[in-house]
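Right, one structure below, let's go through it.
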Amino acid sequence: MAALSDDALRALIRSEPEAGWRAFIDQYTPLLIGLIRRAGLTDRDEVMEVYVLICERLSERRFERLRSQDAARGSIGGWLAVTARHAAVDWIRSRKGRRRIFQSVKTLSPFDQRVFELYYWDERTPNEIAGMQRADLSSVFESLDRIQSALTDRHRAELMSLALRSKPPLPIDDTDAAERVADPAMDPERAASAAESTSQLESALRALPAEDAAIVRLKYIEGLTNSDIERAIGITPTPARTTSILGRLRAALAGETA
């Protein structure tokens with residue numbers, strides 16, 4: 001069966017849910033399996049259990065999540081990339097391990113090392129990190145870019161398997177970072193500052209082309225690798241393109257805070 005476009009698949013799922021579901025499974029199973037593996041799960045049985053979990057959630061109430069998937073929020077592949085990551089994080093949340101800064105990260109600046117700790121250990125958002133470090137948001141994005149370049153696939157798998165994320169599990173289809181529940185441990189002043197920063201970021205992202213905004217969301221907010229982004233939405237975030245995007249985002253953020 002020839003691959004359907006996102007719009008055609010959405011239309012089929014809404015008009016003929018059963019046929020649309022079969023087409024979705026046929027078309028997106030390889031991507032989902034690959035994304036689950038790249039999230040840090042390598043055991044085949046565990047991968048398949050997470051895959052089945054995702055399928056069960058997506059097929060609930062006659063495929064309601066798929067039928068309501070909004071094209072304005074990005075491609076189906078990009079949406080699934082975040083879905084798979086959330087499911088994998090929740091799956092391994094109970095595992096324990098020892099925190100350590102990898103040697104490749106130790107070669108980075110103290111600022112980058114602190115961003116690593118806040119992002120990967122404490123699950124702080126880029127907005128929160130910028131406020132805590134008194135840094136502009138684009139500097140945090142650039143730091144995350146350097147950190148991601150220093151991490152190997154083994155490092156990423158270890159970070160996932162240590163289950164260092166402390167927030168309650170998210171619904172697997174919660175792909176909008178701006179709508180997540182605030183950290184209850186955050187004091188009111190910092191929560192208000194983070195909310196304002198999030199609002200400014202959302203406005204700045206709306207000023208970017210849709211593809212560039214998707215790269216920022218997946219790469220810096222959701223923490224996906226360049227390979228995952230390419231597999232999910234068919235866009236390669238090259239260093240030159242990333243630098244260009246961050247420059248325009250910085251300018252847009254400056255306009256928001258002016």
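The values are calculated or read from the model by the stated rules, or taken from the named source; none is laboratory data. All values reported here derive from a predicted model rather than from experimental measurement. Here the Cβ is made from the backbone with ideal geometry for all residues, glycine too, and neighbour counts use every protein chain on show.
Could you please find all residues in the range 57-87 being under 12 Å from the mean Cα position of the chain (by Cα) and either more than 18 Å from SER5 (Cα to Cα) or in the same structural domain as LEU224 (by TED's automatic domain parsing) (or both)?
Result: VAL82, THR83, ALA84, ARG85, HIS86, ALA87.
Any residue in the range 124-143 that is modelled with pLDDT of 75 or more, exposed (fewer than 15 other Cβ atoms within 10 Å of the Cβ), within 22 Å of ILE54 (Cβ to Cβ) and assigned by TED's automatic domain parsing to the domain that holds ALA204?
Within the range 124-143, not a single residue is modelled with pLDDT of 75 or more, exposed (fewer than 15 other Cβ atoms within 10 Å of the Cβ), within 22 Å of ILE54 (Cβ to Cβ) and assigned by TED's automatic domain parsing to the domain that holds ALA204.
Could you list, in sequence order, the residues of the range 72-123 that are of a type in the set (D, E, K, R) and at pLDDT below 85?
ARG73, ARG85, ASP90, ARG93, ARG95, LYS96, ARG98, ARG99, ARG100, ASP122, GLU123
With the requirement that a residue be in a helix (DSSP H, G or I) and within 13 Å of LEU224 (Cα to Cα), what does the range 35-76 give you? Spell out how you get there, then give the answer.
Of all residues in the range 35-76, those in a helix (DSSP H, G or I) come to 35-38, 44-67, 71-73, 76.
Selection gives LEU35, ILE36, ARG37, ARG38.
Each row is one residue, and each column tells you yes or no for (1) within 21 Å of ALA150 (Cα to Cα); (2) free of Cβ contacts under 8 Å to residues at least 60 places away in the same chain; (3) in contact with a strand residue (DSSP E or B) (Cβ under 8 Å, 6 or more places away or on another chain).
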position: ALA210; (1), (2), (3): no, no, no
position: ALA214; (1), (2), (3): no, no, no
position: TYR220; (1), (2), (3): yes, no, no
position: SER227; (1), (2), (3): yes, no, no
position: ARG231; (1), (2), (3): yes, no, no
position: ALA240; (1), (2), (3): yes, yes, no
position: SER244; (1), (2), (3): yes, yes, no
position: LEU249; (1), (2), (3): no, no, no
position: GLY255; (1), (2), (3): no, yes, no
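Restricting the search to the range 40-91, which residues are surrounded by fewer than 16 Cβ atoms within 10 Å (Cβ to Cβ), among the hydroxyl-bearing types (Ser, Thr, Tyr) and without any contact (Cβ under 8 Å) to a residue 40 or more places away in the chain?
Within the range 40-91, SER68 is the sole residue that qualifies.
Can you name every residue in the range 223-258 that is buried (at least 21 other Cβ atoms within 10 Å of the Cβ) and either among the hydroxyl-bearing types (Ser, Thr, Tyr) or not assigned by TED's automatic domain parsing to the domain that holds ASP122 (or both)?
Matches in the range 223-258: none.
Taking the condition of being at pLDDT 85 or above and within 20 Å of the chain's Cα centre (by Cα), how many residues in the range 230-258 meet it?
9
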